[in-house]
Amino acid sequence: MASPYRLPQDQGSIVLLWTGEDPALHAALQEQLEAAGIPFRDAALGEDQVGPTADPLPIDAKARFGFEVSVLSNDFPAAQALLEKLLDEPPADLEIPAQDEVKSGEPPLVSQTELHPTVEVWSGLDDHIAQFLTAALQENEIPIHLDTAGELSKVFVSSANAARAREIVREIVEAAPPA
């Protein structure tokens, strides 16, 4: 990534200011250097890597990923002061803020979901589909009743679970993704 300030070729040597893996600190350092008008060179570590060597366990002191920020040697003291100020600050709160609890579309776990299943959600002649539906509904913690009368199989669930069960049956029978 190129900095907005090109490092002049004739104003001294370039000195490494900071190298690390913290993207928040990297962005803050870039902002501070830009605000102070200090030209810098920004590079992502690992971009200059050559192909893998024959050594399966290379011991290399250089990091394989991260960021590297360099400045001109005559700007180094000012840039170092900015970096030290940033390092003295407590880390930003990176915790994901709690969200208001979203009401789940699932029915409450009360006796009505555990009543004897009375709502038919599928009927058919294919025993394999009946077994698959039974397993899928049980995996989703939906109590079922499988009724087989001759060759016809019927799957029943409680009324509280009927909507979820019908959606699962639709996904399996129609081979359709969840809606």
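What to note about this one:
- Among the residues of segment 135-150, those identified as among the β-branched types (Val, Ile, Thr) and open to solvent by 20 Å² or more (accessible area, probe 1.4 Å) are ILE144, THR148.
- Complete set of residues in segment 149-164 that are in contact with a helix residue (DSSP H, G or I) (Cβ under 6 Å, 6 or more places away or on another chain), small (Gly, Ala, Ser) and not in a loop (DSSP other than H, G, I, E, B): SER153, ALA160
- Identity of the residue in segment 24-44, outside any loop (DSSP other than H, G, I, E, B) and under 14 Å from GLN80 (Cβ atoms), that ends up farthest from the chain's Cα centre (by Cα): ALA36
- Residue pairs whose Cβ atoms lie under 8 Å apart, sitting 6 or more positions apart in sequence or on different chains, and linking a residue in segment 11-33 that is at positive phi to a partner that is open to solvent by 70 Å² or more (accessible area, probe 1.4 Å), are GLY12/ASN74.
- The set of residues in segment 151-161 that are open to solvent by 10 Å² or more (accessible area, probe 1.4 Å) and of a type in the set (A, V, I, L, M, F, W, C) comprises LEU152, PHE156, ALA160.
- Here segment 165-178 is the region considered, the condition is being of a type outside the set (A, V, I, L, M) and part of a loop (DSSP other than H, G, I, E, B), and the residue that is most open to solvent (accessible area, probe 1.4 Å) is GLU174.
The values are calculated or read from the model by the stated rules, or taken from the named source; none is laboratory data. In this text the structure is predicted, and so the values were computed from the model without any measurement. Glycine also receives a Cβ, built like all others from the backbone with ideal geometry; neighbour counts cover every protein chain displayed. Just so you know, the surface numbers come from the protein's heavy atoms only, side chains and all, with ligands and any DNA or RNA stripped out. Shrake-Rupley method; radii C 1.70, N 1.55, O 1.52, S 1.80 Å.
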